[in-house]
Each structure stands twice: as structure tokens, then as C-alpha cells.
There are 2 protein chains.
Amino acid sequence: MSSTVVKALMLLEHFSEDEPELGLSELARRSGVDKAAVHRMLGAMAETGLVEQQADSRLYRLGAGVLRLARVRETAFPISSVVQPILDTLSAETGETAHASLISGRALANIATCESKKGSRVSLIAGEVLPYHSTASGLAVLAFGDDALLQRVLSSALEAKTRFTVTDASDLRSRVDSTQGIGFSESDQTNEEDVHGIAAPIFDRTGSACGAVSVSTPSHRMTEAQRNLTIGAVLRAGSAITDGLGGRLPRSYADLVAPLVTGA
Amino acid sequence: MSSTVVKALMLLEHFSEDEPELGLSELARRSGVDKAAVHRMLGAMAETGLVEQQADSRLYRLGAGVLRLARVRETAFPISSVVQPILDTLSAETGETAHASLISGRALANIATCESKKGSRVSLIAGEVLPYHSTASGLAVLAFGDDALLQRVLSSALEAKTRFTVTDASDLRSRVDSTQGIGFSESDQTNEEDVHGIAAPIFDRTGSACGAVSVSTPSHRMTEAQRNLTIGAVLRAGSAITDGLGGRLPRSYADLVAPLVTGA
DNA sequence: CACCAGTGTTGATAATATAGCACCGATAGG
DNA sequence: CCTATCGGTGCTATATTATCAACACTGGTG
């Protein structure tokens with residue numbers, strides 16, 4: 001069913017800013033894989049430097065190899081350096097936390113963020129993996145990305161992250177449809193309590209969505225005025241990032257959002 | 001003998017700044033693995049976002065997943081941000097290209113660089129994988145790192161990168177010994193033609209070398225004065241990085257290099 | 001136009017690496 | 001001292017993987 005390589009690499013998703021170091025048993029428990037198997041996989045990934053094991057505590061963490069890989073990717077395709085300043089502007093305009101993510105296999109990878117300056121703000125876990133079905137960013141990608149991706153997500157299990165998460169495929173389908181109709185996506189507490197998200201797609205050269213840019217606002221602070229402000233800003237940011245990456249807005253999409261962008 | 005995971009991850013080492021995108025057949029040829037196997041491995045790595053395939057050209061490249069992983073690692077253990085300013089200073093002091101690398105499984109991973117401002121300079125391929133036996137950085141790590149690592153390298157095949165590369169284990173052994181005696185390592189055209197390297201070890205909390213910092217100078221420009229200048233600067237940089245990462249210089253090492261550091 | 005040398009991709013089968021289990025020694029806490 | 005963890009290790013059935021061939025497709029060439 002699933003290859004060993006996939007199983008091994010999925011282990012990496014359990015490392016986060018909060019828990020950068022994990023033990024063998026802990027990792028086995030969370031992934032639901034046998035300890036012995038986890039041990040072998042980690043050993044294999046350690047050989048290539050993707051993870052490394054602390055000599056004393058025996059804990060595992062992401063290795064120096066990931067830094068090297070990121071350097072290669074970033075020098076060849078400078079994404080972060082293009083995205084970061086646009087996110088900074090977006091966060092300043094809206095006063096809230098902004099982040100950008102790209103399609104990364106079965107999920108969305110958060111690759112850059114700019115946190116709000118306010119005391120009460122939405123704080124993202126750096127490098128978190130975002131599900132397609134429960135985030136505004138995910139909706140935006142599903143609505144304007146490859147149709148095969150949408151089909152795959154619709155036919156997969158939709159995990160309930162909160163009591164508001166859309167777990168029914170046809171419900172998700174209709175939300176995707178409405179996103180396609182308005183040019184941006186919106187989610188309220190579907191991935192995390194008290195977090196409201198508004199996202200716009202980022203397009204690649206072929207005019208297909210390859211990622212999304214989003215603003216996360218504490219739900220209680222989301223007013224009508226703030227919402228309108230945010231929509232315009234996010235759409236402008238999405239367009240700017242698309243341009244910066246050498247992507248192309250589909251004609252139909254550009255026409256769709258034109259009034260919203262200029263109106264802001 | 002070797003696990004599938006290792007074989008798959010070794011494919012990633014063929015991506016570089018120069019060739020960020022590779023085709024399936026090309027990758028199969030270089031790795032010496034069957035085309036079909038490479039295809040499945042890349043497919044598996046694409047599922048987790050470690051690589052991605054261009055929709056039109058069908059070429060593969062490193063995916064957004066590596067950016068996410070690097071973010072997690074860097075926010076938890078901020079290495080690059082500590083190392084970069086020290087490298088900048090080192091490059092300014094010596095007028096040449098400086099770089100730092102960390103142990104990454106079977107090889108050294110170049111994780112940060114600062115290029116010389118001169119027209120004629122040593123230009124590094126970003127994210128290159130550096131062999132232990134043919135680089136000054138590698139020598140420094142072997143000399144002051146874990147003994148098990150040294151043994152493993154000594155008993156492995158030593159590929160000749162240039163006609164000056166040390167390919168004999170006992171020769172390498174004696175070079176390691178002399179490095180241990182003087183506190184820094186030196187290499188002349190052993191990894192690349194016309195490149196001279198001087199490197200100092202970086203130590204972790206346990207007092208074992210976990211990486212190295214190095215200055216690369218065009219061989220023809222390496223004079224006695226430049227050499228003395230560089231040695232002092234590299235040793236200071238190594239010590240500074242070790243401090244910045246929370247590492248600890250072994251007492252014997254600190255005593256060994258003390259006269260060289262203060263003399264500069 | 002037919003051909004050729006490439007490419008990426010997909011089956012089939014034989015071979016092999018893997019998963020899962022129980023087990024070990026070590027460590028820490030009650 | 002006993003229990004409950006921990007990280008790590010052999011073992012064998014089994015499931016995954018390697019290998020080969022053929023496939024459809026592309027672009028250049030005689």
C-alpha cells in the first residue's frame with residue numbers, strides 16, 4: 001500500500017517548533033509504527049543527515065542535511081526572499097498575522113510567516129503542516145489548483161480538527177465551489193479554535209494554484225470592516241507573489257477579483 | 001545491505017545550485033539505480049513534498065517540504081543566523097571566500113557561505129556535499145570529532161577528486177595526526193584544482209567536533225603572510241561559532257591554539 | 001515519411017528488505 | 001527492590017522492492 005520511504009518521511013512531520021526533539025518511543029507512538037521500524041528508518045535518515053541523534057540524550061531531531069537542501073532549493077528558486085517582504089506588507093496593512101504556504105505532497109507546507117504586532121494575535125507554529133480541507137489556504141488551493149488534487153482530497157478521510165471542521169465531502173465540495181465563485185476563501189475555526197482565515201491562491205506558470213497566502217485573525221476581532229480590508233489586501237498579496245514567482249493569473253480569475261482588488 | 005530509504009535520500013544529493021532540476025533518466029544514470037526504482041522513489045518523496053515534479057517538463061526538483069523542514073530546524077536551533085555574521089567577518093578579514101559546514105551523515109553539509117569580493121575568487125556551489133577526506137573542513141572534523149567517524153572514513157573508499165587527493169588510508173591518518181597537533185587543517189587542491197583551504201573545527205556541547213569553518217583561497221594567491229593571517233582568523237571564527245552554538249572547546253584544544261589566536 | 005535515440009511510465013516476476021513480535025540491558029521513580 | 005519506562009536488537013513470515021522488458025511519446029535525422 002504505502003512505501004517505506006513515505007512512512008519514513010512522514011516521521012519528519014512530527015517535529016515542530018514546539019517539539020524539535022523527539023525520542024524513539026514517542027515517535028513510534030505518534031506515528032503508530034512499530035518501534036523497531038521507526039528505529040531503522042531514523043537510522044537510515046541519519047545516514048544521509050536528514051535527522052541526527054543527540055549523543056547524550058539519544059533524542060532525534062532534524063539534521064543539518066535539511067539546511068543544505070533548503071539552500072539548494074532557495075538559491076535555485078528564491079521563493080522565501082520574494083514572499084517575505086510581501087507578507088510583511090500584508091501583515092502591516094491588516095494588523096494581523098500573515099503566512100504563505102505551498103503545495104507539498106499530501107498537504108500544504110507553511111513556508112513563511114509574519115506575525116501581528118498586537119499582543120493578542122494568532123501565532124503559528126513555524127513549519128506546521130496544514131491540511132487542505134480545514135484551512136482557508138487549503139480551500140484556495142483546492143478551488144484553483146489541479147483538479148486531480150481536489151478529487152484526491154474529496155475521496156480521502158477528512159479529519160475533524162475542531163467541532164467546526166467540514167468533514168463531509170459534499171459539504172467541502174460546495175465550499176470549494178463558492179470559493180471558485182468569489183476568488184478567495186474563508187474559514188472560521190475549522191482548523192483551530194478562535195482563528196478566522198482569509199486566503200487567496202498563488203499561481204504557477206501554468207495558471208494552476210501552487211500555494212496560497214492567508215491572513216489569520218482572532219475570530220472575536222473579525223468585523224465587517226476588517227473583513228473587507230483583509231480581502232483586498234490578501235488578493236493583492238496573492239497577485240504580487242504570483243508575479244514575483246513568475247506565475248500567471250488565469251484570465252478568468254483576474255477578471256473575477258478585479259473589483260475587489262481595486263476597491264480596497 | 002543498504003535500505004531503500006537511504007537509496008532514495010541519496011538521490012537528493014545530485015541536486016545542486018548548478019543543476020536544480022533533473023530528469024528521471026539522468027538521475028538514474030548518475031545514481032546507478034534502475035530507472036523504475038528511481039521513479040518509484042521520487043514518487044514517494046513527492047508524496048511528502050520533499051521533491052516535486054514540474055507538470056510540463058516532467059523534471060524533478062527539491063520540493064517545498066525542504067523549506068518547511070529547514071524552518072523547523074532553524075527556529076528550534078538557530079544555526080545559520082549565528083554562523084552567517086561570523087562568516088561575513090571572516091571573509092572580510094581574509095579577503096577570501098569563507099564557509100561553514102556541519103556533519104550530515106556520511107558527509108559534510110555546507111550550510112553557510114560568504115564569498116570574497118574579489119573578481120578572482122573561490123566560488124562554492126551552494127549546498128554542496130563535501131567529502132571528509134578531500135577537504136580541509138573534513139580533516140578538521142576527522143581530527144577533532146568522534147573517533148568512530150574517523151575509523152569509518154579510514155576504512156571506506158577514498159575517491160580521488162583531483163590528482164592531489166589523498167587516497168591512501170595511512171596517508172590520511174598521518175594528515176589527521178598532524179592536524180591534531182597544530183589545531184587547524186590545511187588542504188591544497190585535494191578537492192578541487194587551484195583551491196587552497198584552511199579550516200578549524202566547530203565543537204558541540206560534548207567537546208566533540210560537529211563541523212568546521214574554512215577559508216578557501218585561490219592556490220596561486222596563497223602567500224606566507226596570507227596564510228598566517230588566515231590561520232588566526234579561522235581559529236577565532238571557529239571558536240566564536242562554537243560559543244554561539246553553545247558548544248565547548250576542549251581544554252587541550254584551547255591551549256593548543258591559544259598562541260595562534262592571540263598572535264593574529 | 002520512416003526511423004532512431006531519447007524520454008517518462010507501467011506491468012510482471014523473482015529476490016530481498018521489511019514489519020512485527022518478543023526480548024534485552026539500562027535507567028529512573030516509588 | 002520492584003515496576004515502568006526508555007533505546008535498541010534478533011528473529012522469521014511476509015510484503016515490498018528490484019529488475020527486466022515493453023510501452024507510448026517526443027524530437028531530431030536520414
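For segment A:46-67, name all the residues that are closer than 18 Å to B:LYS7 by Cα and at the interface with another protein chain (Cβ under 7 Å from one of its Cβ atoms). If the condition is that a residue be closer than 18 Å to B:LYS7 by Cα and at the interface with another protein chain (Cβ under 7 Å from one of its Cβ atoms), then A:ALA46, A:GLU47, A:THR48, A:GLY49, A:LEU50, A:GLY63, A:GLY65, A:VAL66 are the ones that fit. Selection over segment B:61-93 of residues that are touching a residue at least 40 places away in the same chain (Cβ under 8 Å) and either under 30 Å from B:LYS35 (Cβ atoms) or in contact with a Gly (Cβ under 8 Å, 6 or more places away or on another chain) (or both) gives a count of 5. Evaluation of B:SER156 against the conditions (1) open to solvent by 30 Å² or more (accessible area, probe 1.4 Å); (2) touching a residue at least 24 places away in the same chain (Cβ under 8 Å); (3) assigned to a loop (DSSP other than H, G, I, E, B) shows that the sole unmet condition is (2). Scanning segment B:112-147 for residues being in contact (Cβ under 8 Å) with a residue 60 or more places away in the chain, within 14 Å of chain A (Cβ to nearest Cβ) and of a type in the set (Val, Ile, Thr) gives a total of 3. Scan segment B:10-45 for residues that are within 7 Å of chain A (Cβ to nearest Cβ), touching a residue at least 24 places away in the same chain (Cβ under 8 Å) and within 12 Å of DNA strand D (Cβ to nearest atom) and jot them down. Those that are within 7 Å of chain A (Cβ to nearest Cβ), touching a residue at least 24 places away in the same chain (Cβ under 8 Å) and within 12 Å of DNA strand D (Cβ to nearest atom): B:MET41, B:ALA44, B:MET45. Exactly one residue out of A:THR89, A:THR48 is assigned by TED's automatic domain parsing to the domain that holds A:LEU9, open to solvent by 10 Å² or more (accessible area, probe 1.4 Å) and not aromatic (Phe, Trp, Tyr), and it is A:THR48.
Okay, residues lined up against (1) more than 30 Å from A:HIS14 (Cα to Cα); (2) touching a Leu at 6+ places or on another chain (Cβ under 9 Å):
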| residue | (1), (2) |
| --- | --- |
| B:GLY43 | no, no |
| B:PHE77 | no, yes |
| B:GLU93 | yes, yes |
| B:SER104 | no, yes |
| B:GLU115 | yes, yes |
| B:GLY119 | yes, no |
| B:LEU124 | yes, no |
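Filtering segment B:171-185 for residues that are closer than 27 Å to B:SER120 by Cα and not acidic (Asp, Glu) leaves a non-empty set. For segment A:59-78, a residue qualifies if it is touching a Pro at 6+ places or on another chain (Cβ under 9 Å), open to solvent by 10 Å² or more (accessible area, probe 1.4 Å), outside any loop (DSSP other than H, G, I, E, B) and not charged (D, E, K, R), and the qualifying residues are A:THR75, A:ALA76.
The values are calculated or read from the model by the stated rules, or taken from the named source; none is laboratory data. Keep in mind the model is a prediction, meaning the values are calculated, not measured. Cβ sites come from the backbone with ideal geometry, for glycine too, and all protein chains shown count toward neighbours. Heads up: the accessible areas ignore ligands, DNA and RNA and are worked out on the full protein's heavy atoms, side chains in. Shrake-Rupley method; radii C 1.70, N 1.55, O 1.52, S 1.80 Å.
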